[in-house]
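The values are calculated or read from the model by the stated rules, or taken from the named source; none is laboratory data. Predicted model only: the values in this text are computed from it and were never measured. Positions of Cβ are generated from backbone atoms using ideal geometry, with glycine treated the same way; all protein chains shown enter the neighbour counts. Accessible surface areas use protein heavy atoms only, side chains included; no ligands, DNA or RNA. Shrake-Rupley method; radii C 1.70, N 1.55, O 1.52, S 1.80 Å.
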Amino acid sequence: LKKGNLDSVIKILTSQIFNAKGKEKKLKILLDKWKFHLPMASAILTVLYPNNFTIYDVRVRGQLKIDDISGRKNRVEKYFNEYLPKVGKVKFGKTLRDKDKYLWGKSFYKDLITFLKP
């Protein structure tokens, strides 16, 4: 991102994502071509495609008891085949984003209670 005019970089990046065929390819563009880490890449795609993506987050992952997939070569497959389905099965909220916010809040609440215990 440091190499060019921010407006032109954003236009190139969003065009590549838009033109990519399929959800997996959209994620791979951000991970492989642009070198974003999985949490940031999934956050960007969640904003652009909220019905198909949700943020890969350490707190949510902890609530779902999923091992970290962010640095693995098969992280795209694990994101779609393991992470998203488990988030989708949460019985709270309608959207993936509703569900991940609920899980994040639950994790934060538990940590806060532990922190405040005398």
For residue 38, indicate whether it is closer than 20 Å to residue 86 by Cα and open to solvent by less than 30 Å² (accessible area, probe 1.4 Å).
-> yes
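Identify, from the list 61, 72, the residue that is at pLDDT below 95 and either open to solvent by 40 Å² or more (accessible area, probe 1.4 Å) or in a helix (DSSP H, G or I) (or both).
Values: 61 fails: at pLDDT below 95.
72 is the lone residue from the list that is at pLDDT below 95 and either open to solvent by 40 Å² or more (accessible area, probe 1.4 Å) or in a helix (DSSP H, G or I) (or both).
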Which ones in segment 25-35 are within 13 Å of residue 54 (Cα to Cα) and open to solvent by 40 Å² or more (accessible area, probe 1.4 Å)?
-> none
A careful count of residues in segment 89-105 that are assigned to a helix (DSSP H, G or I) and out of contact with any helix residue (DSSP H, G or I) (no Cβ under 6 Å at 6 or more places or on another chain) gives 5
Condition met for residue 72 (of a type in the set (D, E, K, R) and over 22 Å from residue 98 (Cα atoms)) | yes
How about segment 41-58: which of its residues are surrounded by 15 or more Cβ atoms within 10 Å (Cβ to Cβ) and part of a helix (DSSP H, G or I)?
-> 41, 42, 43, 44, 45, 46
Within segment 94-102, can one find any residue that is basic (Lys, Arg), surrounded by fewer than 11 Cβ atoms within 10 Å (Cβ to Cβ) and modelled with pLDDT under 95?
-> yes
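Being touching a residue at least 12 places away in the same chain (Cβ under 8 Å) and open to solvent by 80 Å² or more (accessible area, probe 1.4 Å) is the filter here; which residues of segment 78-90 pass it?
In the first step, residues of segment 78-90 are kept if they are touching a residue at least 12 places away in the same chain (Cβ under 8 Å); the result is 79-80, 82-84, 86-87, 90.
Within segment 78-90, just 86 meets the criteria.
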